[in-house]
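Trainee: One structure is given below, represented as structure tokens, and several questions about it will come after.
The values are calculated or read from the model by the stated rules, or taken from the named source; none is laboratory data. Only a predicted model underlies this, so the values are computations on that prediction, with no experimental measurement involved. Counting neighbours? That spans all protein chains shown, and the Cβs are built from the backbone with ideal geometry, glycine included. What goes into the accessible areas is simple: the full protein's heavy atoms, side chains included, and nothing from ligands, DNA or RNA. Shrake-Rupley method; radii C 1.70, N 1.55, O 1.52, S 1.80 Å.
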Amino acid sequence: MITAFNWLAENWMEVVGTLSALLYLYLSIRENIWLWPVGFVTSFFYMLIFFQSRLYADMGLQVYYLWVSVYGWFHWMGRRQSTKPETQLVTRCLSPRGWLTYLAMVLGGSIVLYFILRAVPLWLGLPPSELPLGDAFTTAGGIVATWMLARKILENWLFWVVVNAVSLGMYLYKDLHITAGLFVVYTLMAVVGYYRWKQNLKQTQ
């Protein structure tokens with residue numbers, strides 16, 4: 001019992017972040033607008049966790065998530081009903097040009113963030129990022145995928161499948177086992193989210 005309390009005292013932020021992240025994922029798949037406030041809480045805790053783990057790009061990504069959570073809330077609110085805040089946005093799919101645009105954004109963002117991660121920590125006197133390439137890719141991919149989610153683009157889930165799978169490997173390497181377990185669920189549920197959104201889109205059409 002004492003050991004369990006000690007473990008919880010040492011890892012409470014990761015536990016809270018994981019639980020709120022699971023709720024965020026559930027609400028995302030359900031297309032429920034309350035995903036955004038829950039996402040705000042999740043990002044706050046993981047911002048602290050990634051700073052401690054020297055995953056600086058992922059830490060910066062959480063700051064971006066904080067902003068997108070506010071943006072997503074108001075964008076999804078749309079012309080909501082007076083008694084029930086349901087989003088009025090319609091899910092849409094990417095065109096071939098849209099695919100090229102978003103993939104180019106991920107690639108370009110990854111390159112820029114990689115060089116930033118190699119230089120900025122040294123300038124600030126911080127320990128270097130241990131996984132600059134993976135950190136850069138997951139951050140760029142997360143930025144793009146979250147923006148797609150906020151715009152309610154179906155293929156955001158496919159981007160998340162790749163980003164979450166790479167993140168899973170990184171967190172295992174960093175011994176963030178709770179978070180790694182979370183990203184196993186994230187990766188699987190991104191597939192579920194894609195097919196659920198696709199089915200809902202067909203029904204609305």
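Trainee: Per-residue HN-Hα couplings for segment 98-103, Karplus 6.51 cos²θ - 1.76 cosθ + 1.60 at θ = phi - 60°, whole Hz, x for Gly and Pro?
Mentor: x, 4, 4, 5, 6, 5
Trainee: Now for a different question. Leaving ligands and nucleic acids out of the surface, order MET13, MET148 by accessible area at 1.4 Å, largest first.
Mentor: Correct descending sequence by accessible area is MET13, MET148.
Trainee: Moving on to the next point. Which angle between 0 and 90 degrees, to the nearest 10, do you get for helix 35-52 versus the longest principal axis of the chain when only C-alpha atoms count?
Mentor: Around 20 degrees separate the two axes.
Trainee: Find how much the distance from LEU48 to TYR26 grows on full extension, using 0.36 nm per residue of separation minus their present alpha carbon separation; answer in nm with one decimal.
Mentor: Length difference between fully extended and current span is 5.6 nm.
Trainee: Just by accessible area at a 1.4 angstrom probe, what is the order of LYS174, LYS152, LYS198 from largest to smallest?
Mentor: If we order LYS174, LYS152, LYS198 from most to least accessible, we get LYS198, LYS174, LYS152.
Trainee: In square nanometres and to one decimal, what's the mean projected area of the convex hull around the Cα atoms of segment 11-52?
Mentor: Orientation-averaged projected area of the Cα hull: 2.6 nm².
Trainee: If R0 is 30 Å, what FRET efficiency do you get for VAL15 and TYR173 from their C-beta distance, rounded to 0.05?
Mentor: 0.90
Trainee: Output the 0 to 90 degree angle, nearest 10, between the alpha-carbon long axis of helix 132-150 and the longest principal axis computed from the alpha carbons of the chain.
Mentor: Here the helix axis deviates by roughly 20 degrees.
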